[in-house]
1. Tell me, what ³J(HN,Hα) does each residue in the stretch 56-63 have, in order and in whole Hz, if you take phi through Karplus 6.51 cos²θ - 1.76 cosθ + 1.60 with θ = phi - 60° and put x for Gly and Pro?
2. Expressed as a rounded percentage, what relative contact order does the chain have, with Cα pairs under 8 Å and six or more residues apart?
3. Which whole-Hz ³J(HN,Hα) couplings does the stretch 25-41 yield from phi under the Karplus relation 6.51 cos²θ - 1.76 cosθ + 1.60, θ = phi - 60°, glycine and proline marked x?
4. Order these peptides, 84-93, 33-42, by their mean beta-carbon neighbour count within 10 angstrom, highest first.
Amino acid sequence: MRPLRIAAYALLVVVGAVVGIAGALVQSAWFPGGLLLALLGLAALCYGGLYATRARAGAWSPAGGWLMVVLFLTATRPEGDFVFGSGVGSYLFLLGGMFAGVMCATVPKVPQPPASATRLGK
């Protein structure tokens, strides 16, 4: 792998983590609009990573960063503080985000470069 591609994947992981933090705060603040905004943001980032890198790892990278941060935020602290409540919105955010990341990484075909006018082997 080239260093530029590795840097792109690392950047996608970091941006996925930022989207996870923002989504965790927005999804409960403006329910149900915030939940939809958070899930659409993750789906757009994953598909954009897939399209930009032309590899499935481009979709898995932001989904992995999102998942690491969201799982970290679900843990309670010794003081009793936590980010996620026990409502339906939190569970929809967790399951919907995982579904969106997996869907973007597995369902669409990786975009191919434009085909040339000539056939191969001719």
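The numbers here are math on the coordinates, done by the rules we state, and not lab data. Every value quoted in this text rests on a predicted model; they were computed, and no experiment measured them. We place every Cβ from the backbone using ideal geometry, glycine too, and count neighbours over all the protein chains shown.
1. These are the phi-based 3J(HN,Hα) values: 5, 5, x, 8, 6, 4, x, 5 Hz.
2. Numbers: 154 pairs, mean separation 37.1, N = 122.
Over the chain, the number comes to 30 percent.
3. Each residue of the stretch 25-41 in turn: 7, 7, 5, 8, 6, 10, 5, x, x, x, 5, 5, 4, 5, 6, 5, x Hz.
4. Details: 84-93: 15.3, 33-42: 18.7.
Sorting 84-93, 33-42 by mean packing, highest first, produces 33-42, 84-93.
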